[in-house]
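Here's the structure we're looking at; comments come further down.
The values are calculated or read from the model by the stated rules, or taken from the named source; none is laboratory data. Values in this document were obtained by computation on a predicted structure and should not be read as measured data. We place every Cβ from the backbone using ideal geometry, glycine too, and count neighbours over all the protein chains shown. Remember, those area values only see protein heavy atoms, side chains included, never the ligands or the DNA or RNA. Shrake-Rupley method; radii C 1.70, N 1.55, O 1.52, S 1.80 Å.
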Amino acid sequence: MLTVLLATIIGLLVGAVLARLWQRRVLRARLEAALRALRLRHPTATPLQRPLLGEDPLASLLTQLDEALHGLEQMLEQARARQTQLAALFDHLNDGVVLVDPEGSVVGLNRAARSLLAGSRDGAIGRPYAEVLRDYELNELVSQALREQSPPPGRFVELGRPRRTVQAQASVLHGADRPLVTLVLRDITELRRTETIRRDFVANVSHDLRTPLAALQALVDTLLDGALADREVAEDFLRRIATEVEHLTRLVNQLLELTKAESGQLQLARVPTDLAELARATLRRFEPRATAKAIALDLHAPPDLPLVSCDPDRIGQVFSNLLDNALKFTPEGGRITVELSRQENELAVRVRDTGPGIPIEELDRIFERFFKGDRARTSAGSGLGLAIVKHLVQLHGGRVWAESPQGGGAVVGFTLPLNTP
């Protein structure tokens, strides 16, 4: 009886062991099959490419899955970081960009686009593009790109207040999800303005050189045709030639000086300078011209103005150019006033005249090279005086501006920084 019981127990134990071994073998086979399926579905998952090792295949598989999940979390974190970087890059592009989905809704726009379109990002996302763009030419560009799924020709449009010249180009961005229309807005206002200034510069230089050269040519031809024999006529013509040559020399010298000032090659000899005394000395030099036109010259300067570190010769030239400009446009019996005042860490100078004033649309252009407004078209100046003023003041670290008060007249001013507050 005991022997039978012992045999039964041993048989049960052996069966249990065999059953456990069979279950482990079946489990390993099923896990290997599952791992092979995972390898096929995720061939780039490195942890899943290793075989199941050790006595516990389930623990080995769980370890590999844990490593794969950890790697996935790292990839997601890197993807989020790249997305954040791309979003920041998109928002800081100099060109405006508007993204429109196939349904015609705005799904993205950057800071430059918001500035050009004068719209807020929160209010624009999800709205129809026509409500955001609010320009029929831009709407037509996007509509054509949505309709034809191909980039239409670009256009030049005027947007905003003040008006900005914008080059608009629409294209279709094909992605894995769905195509998006990308509207790129490039602000070329300054480029157009620079091109206009360049053309004006060439035209004005040509005009200012052609006039005296034509006069010289006519005078020389007349002398060669026989006027040289008449001493009195010859002397008169030579005086005229000397005047034209002087005009040409002055023009060339101004151009050279302006070029040096713009390129930073002009050297300044700074010394502590009493700006009120410098203005007073300049006014005395212009008194004969002012007296000839019955124009009063005034200087308003408080007695406690501090000294300014500047090049007195160059700032004296600034005063001369401003007074010369004011005398040209102040009618007989008028008044020119030079006002000096302290403004925090700057000393401000204003030259005020009682002339016809400056049109509002010309205030930002009068410091350009060769620019002449309508009131200056008939003057004999070269149009370089205020441009030289601007660059000389900027070399000193100051700024220039022009005003046209409602009461009439014009004000041209500049500031120079003070060394001490």
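Looking at the range 297-316, which of its residues are hydrophobic (A, V, I, L, M, F, W, C) and open to solvent by 30 Å² or more (accessible area, probe 1.4 Å)?
297, 299, 301, 305, 307
Residue-wise test of (1) open to solvent by 50 Å² or more (accessible area, probe 1.4 Å); (2) of a type in the set (Ser, Thr, Tyr); (3) closer than 14 Å to residue 107 by Cβ; (4) within 25 Å of the chain's Cα centre (by Cα).
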| site | (1), (2), (3), (4) |
| --- | --- |
| 128 | yes, no, yes, no |
| 143 | no, yes, no, no |
| 150 | no, yes, no, no |
| 159 | no, no, no, yes |
| query | Can you pull out the residues in the range 317-351 that are out of contact with any strand residue (DSSP E or B) (no Cβ under 8 Å at 6 or more places or on another chain), closer than 19 Å to residue 399 by Cβ and surrounded by fewer than 18 Cβ atoms within 10 Å (Cβ to Cβ)? | reply | 317, 344
